[in-house]
Amino acid sequence: MGINWRRRALPAALLALALSTATGCKSTPDALPKPTTAPVTAVARVCAKPAAGPATAPAGAVTVDPAVTGDLAAKTRSSPPNTTFWLRPGKHRLDRDRFAQVVPKKGDVYLGAPGAVLDGRRTNQYAFAGTAPDVTIRYLTVQGFVAPQNEGVVNHDSADGWVIEHATIQDNSGAGLMAGARQQVRASCLRANGQYGMNAYKGDGRISGLVLEGNEITGNNTDDWERKQSGCGCTGGVKFWAVDGADVRGNWVHDNRGTGLWADTNNNDFLIEDNVLEANDGAALIYETSYNAVVRGNTIRRNNWVEGRKYADRGDTFPFATVYLSESGGEPRVHARTDKIDIYRNVLENNWSGITLWENADRFCNSPANTSSGDCTLLVKDKKRCAQPGIDTAPLYADCRWKTQRVDIHDNRFVLDKSVVDCTVKCDRMAVLANYGTYPDWSPYQGERVAEAITRTQHNRWHDNVYVGPWSFVVHDPSRILDSAQWQATPYRQDTGSTFRAQDGG
């Protein structure tokens, strides 16, 4: 885990900005859907107006009675796989045992009638658990469960193939929802959960084929875990771990205490498009020690006001950003729909700073400084190989690092009005940098090697963007702060074809 940020939510306007049609945009791999030409103009207002479920039981469904405590779990146990359960209107309760959760069978379907709520009464830890695949939950509110830290209430055991649609998962401890392979979460409200709205983590392997579409993800991390466990990196709207293939599309991720979307450790092949990411305490998006992603057509605004300001007030010179790539880049040897990190056709407006590309020289596979200490890169299976003397030479010298490389930032619009952000310094930065390598004493990456590489030789490019407002640029290390002319000039030659203006001309 890397730098963790947090912000107390501020109100924000809900209408998205339009982005002028850009020119000179590179083509997108055919395997990806066609890109949109502008950020979305509407948001998924799921929490305010949840869709209503069926008012009567579908043919063949088992009816669940809210007046009978434990009726849902009992009828699930006594029914065969592929049963549909219809929960009557009212508040449904499990038995008063913290492990009295529902354990579905393969193919079970749970449908909530209008007003159907499954309430854990701050007693039960989990709502739905077990390893049965292909379970569906629709039109149901799940609330009041008390999962422990890093555990989840719905799909507690990260079973595969679950579909969560038109659900409201709110006011629970831990994560509202876990995720397994081929999971689809659509048109649902993940609100005010104690740690995460969703924790996409599977303890026994990687998650593939994840879809998160049209959801509202808001107000999560109510328990403020960073205050309880400083530096835990364990908070925010959604956290992704070792996910191989994810479509994150059309979501409204806002007002979370912490990061909005955070992909941490060996994620790959993400498509993050047409989302509205706003008013999150920390970064809108962190992509950390991960690979290959497309980030396009998103509206990103008013993020990182609390976290950025907190570090600035402490005198920290690091460029804390709203889109933060930490040891992450494109890698053609890791199969995905793209072989780079492609960030384009997004609008970033009045955030605390913009995009930071960062690489910690001391963080690599088998280094004591690696906060994901049990993991190695996707290019090296045995972390013990990342040691002297082999790590000094190819291929391990390159393959033992998560590298911020092949990042292409183009055709975006960056707008900053410091009077809106209420800042004077340290809120106006783009950055590509690393630290001076010092640790451990056997590291082959000591000195300025990584800083030189990320800045000059790892194919990280800004170009054909529009900047409005007073932007500055940090290169190599935090001490090198450039204006736009220096940024575009030799030796950096960034933002070819980009335009800079002090005020928005419309």
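Between D269, D313, which is of a type outside the set (A, V, I, L, M, F, W, C), more than 12 Å from the chain's Cα centre (by Cα), on the phi > 0 side of the Ramachandran plot and open to solvent by 10 Å² or more (accessible area, probe 1.4 Å)?
D269
Can you tell me which residues in the range 195-217 are within 24 Å of N303 (Cα to Cα), surrounded by fewer than 23 Cβ atoms within 10 Å (Cβ to Cβ) and touching a residue at least 40 places away in the same chain (Cβ under 8 Å)?
Matches in the range 195-217: G214 only.
For the range 286-353, list the strands (runs of 3 or more DSSP E) that sit wholly inside it and hold at least 1 residues that are touching an Asp or Glu at 6+ places or on another chain (Cβ under 9 Å) and of a type in the set (D, E, K, R); which are they?
Where strands (runs of 3 or more DSSP E) fall fully within the range 286-353 and carry at least 1 residues being touching an Asp or Glu at 6+ places or on another chain (Cβ under 9 Å) and of a type in the set (D, E, K, R), they are 291-296, 299-301, 341-344, 347-349.
Please verify whether R98 is of a type in the set (D, E, K, R), surrounded by fewer than 24 Cβ atoms within 10 Å (Cβ to Cβ) and closer than 20 Å to A57 by Cβ, treating the condition exactly as stated.
For R98, the condition - of a type in the set (D, E, K, R), surrounded by fewer than 24 Cβ atoms within 10 Å (Cβ to Cβ) and closer than 20 Å to A57 by Cβ - is not met.
Select from the range 301-310 the residues that are open to solvent by less than 40 Å² (accessible area, probe 1.4 Å) and either without any contact (Cβ under 8 Å) to a residue 24 or more places away in the chain or touching a Cys at 6+ places or on another chain (Cβ under 9 Å) (or both) and write down the one among them that is farthest from G231 (Cα to Cα). Show your work before the answer.
Taking the range 301-310 and keeping what is open to solvent by less than 40 Å² (accessible area, probe 1.4 Å), we get 301, 303-305, 307-308.
Then drop every residue that is not either without any contact (Cβ under 8 Å) to a residue 24 or more places away in the chain or touching a Cys at 6+ places or on another chain (Cβ under 9 Å) (or both), which leaves 304-305, 308.
On the way: N304: 17, W305: 18, G308: 15 Å.
Out of the qualifying residues, it is W305.
Given the criterion in contact with a helix residue (DSSP H, G or I) (Cβ under 8 Å, 6 or more places away or on another chain), open to solvent by 10 Å² or more (accessible area, probe 1.4 Å) and either part of a strand (DSSP E or B) or aliphatic (A, V, I, L, M) (or both), identify the matching residue among L357, L379.
It is L379.
Does I409 satisfy the condition of being within 20 Å of G329 (Cα to Cα) and either in the same structural domain as I300 (by the TED database) or within 26 Å of the chain's Cα centre (by Cα) (or both)? Reasoning before the result, please.
Numbers: within 20 Å of G329 (Cα to Cα): yes; either in the same structural domain as I300 (by the TED database) or within 26 Å of the chain's Cα centre (by Cα) (or both): yes.
Criteria met by I409.
Out of (1) more than 18 Å from E151 (Cβ to Cβ); (2) assigned to a loop (DSSP other than H, G, I, E, B); (3) open to solvent by less than 20 Å² (accessible area, probe 1.4 Å), the odd one out for N220 is which?
Of (1) more than 18 Å from E151 (Cβ to Cβ); (2) assigned to a loop (DSSP other than H, G, I, E, B); (3) open to solvent by less than 20 Å² (accessible area, probe 1.4 Å), only one is false for N220: (1).
If I ask for residues that are open to solvent by 10 Å² or more (accessible area, probe 1.4 Å) and within 27 Å of C365 (Cα to Cα), which ones from the range 248-264 would you list?
Residues satisfying the conditions do not exist here.
The values are calculated or read from the model by the stated rules, or taken from the named source; none is laboratory data. Here the structure is a predicted model, which is why all the values come from computation and not from measurement. Backbone-built Cβ (ideal geometry, glycine too); neighbour counts: all protein chains shown. Side chains are part of the model used for accessible areas, which takes the heavy atoms of the whole protein and leaves out ligands, DNA and RNA. Shrake-Rupley method; radii C 1.70, N 1.55, O 1.52, S 1.80 Å.
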